[in-house]
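The values are calculated or read from the model by the stated rules, or taken from the named source; none is laboratory data. Quick caveat: nothing in here was measured; it's all calculated off a predicted structure. All Cβ positions, glycine included, derive from the backbone under ideal geometry; neighbour counts span all protein chains shown.
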Amino acid sequence: MFFIDPHIHMVSRTTADYEMLALSGVVAVSEPAFWAGFDRSPAGFMDYFRQLTECEPRRAAQFGIEHYCWICLNPKEAEDLGKAREVLAEIPSFLACPNVLGVGEIGLNKNTPNEAKVFQQHVQLAIEATHGTRNGGKHALILIHTPHLEDKLKGTRMILDMLRDFGSAIDPARVLIDHVEEHTISLVKDAGYWAGMTIYPISKATPARAVDMIELYGAERLCVNAAADWGVSDPLNTHRTMLEAQRRGHKLPELLKVFHNNPAEFFGQNPNFKIKPIDVLQRTHQQ
Ligand SMILES: [Zn+2]
């Protein structure tokens, strides 16, 4: 079984984790820009973006894993509009790097007006990059973080409203909205966006709840990730979800779709992403 981990923060993980991911079938990882656990200066962001675009691809390559990433100022630090202005001015040049898939993980944290403003500015950057009115990143996709717990439903609605305001400039098929749960998944999928489910030890979804959602809402435009980072998290929760689906009788074509081909299809809209979906019937015949 081959996996693509669509959301993992490898800057916070050890080299042993890279090896474990490779041993467990992971062929590519996608790393959104996020909060470091402390607020950074604009110069700190430039160093972080270099780490994502230069250092992590080299670390991953030692284990045969392709490393892709996303660039943004995370929502938690978007309250400081001066800092946001400085960081956003530098983003277009990083969107042109060969392992960058787009702008992310943007979104909301506490659903404040400043967070909303910076979210819209990021979306605008992705649109301008995609339409070639700025340098680089001609195929920028968008990866969106939705808030935690009690803020999630309101934040998801705010995000969907803001995206709708961009009208035809936004193609929902080029946007993935992450950390969906039972009360937000259909809002996201019904509007035509991709949805991501995050399997966390302490919040968000569990493997059993994630497989319930696959069964209830279908595997189309749905990805699973562990979003492993510097907190309490586990990169193998994606695999545990696959095992739970297998235990319930889901067959190889559907498992491959959710854990490899769906991310390959979504990310593959940016030509920087090189891994193609696997034709499971062809593989079965070859075996
Ligand atoms: Zn994340």
Among the residues of region 42-50, is there at least one that is touching a residue at least 40 places away in the same chain (Cβ under 8 Å), among the aliphatic types (A, V, I, L, M) and in contact with a strand residue (DSSP E or B) (Cβ under 7 Å, 6 or more places away or on another chain)? no
Scan of region 2-19 for residues that are away from the ligand (no atom under 16 Å from the Cβ), part of a helix (DSSP H, G or I) and surrounded by 16 or more Cβ atoms within 10 Å (Cβ to Cβ), ordered by number: Tyr18
Can you tell me which residue within region 22-37, out of those that are at negative phi and within 16 Å of the ligand (Cβ to nearest atom), is surrounded by the most Cβ atoms within 10 Å (Cβ to Cβ)? Pro32
Within region 212-243, the residues that are of a type in the set (A, V, I, L, M), more than 19 Å from Leu149 (Cβ to Cβ) and either touching a strand residue (DSSP E or B) at 6+ places or on another chain (Cβ under 9 Å) or within 16 Å of the ligand (Cβ to nearest atom) (or both) are Ile214, Leu222, Val224, Ala228, Met242
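Results for (1) under 26 Å from Thr53 (Cβ atoms); (2) among the β-branched types (Val, Ile, Thr); (3) at pLDDT 95 or above, shown as yes or no for each residue.
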{"residue": "Val103", "(1), (2), (3)": "yes, yes, yes"}
{"residue": "Glu115", "(1), (2), (3)": "yes, no, yes"}
{"residue": "Val123", "(1), (2), (3)": "yes, yes, yes"}
{"residue": "Thr130", "(1), (2), (3)": "yes, yes, no"}
{"residue": "Lys138", "(1), (2), (3)": "yes, no, no"}
{"residue": "Ile144", "(1), (2), (3)": "yes, yes, yes"}
{"residue": "Asp165", "(1), (2), (3)": "no, no, yes"}
{"residue": "Pro172", "(1), (2), (3)": "no, no, yes"}
When residues of region 38-56 are filtered for being within 13 Å of the ligand (Cβ to nearest atom) and either of a type in the set (D, E, K, R) or out of contact with any Cys (no Cβ under 9 Å at 6 or more places or on another chain) (or both), how many remain? 0
By residue number, the members of region 18-43 that are of a type in the set (S, T, N, Q) and within 16 Å of the chain's Cα centre (by Cα) are Ser30
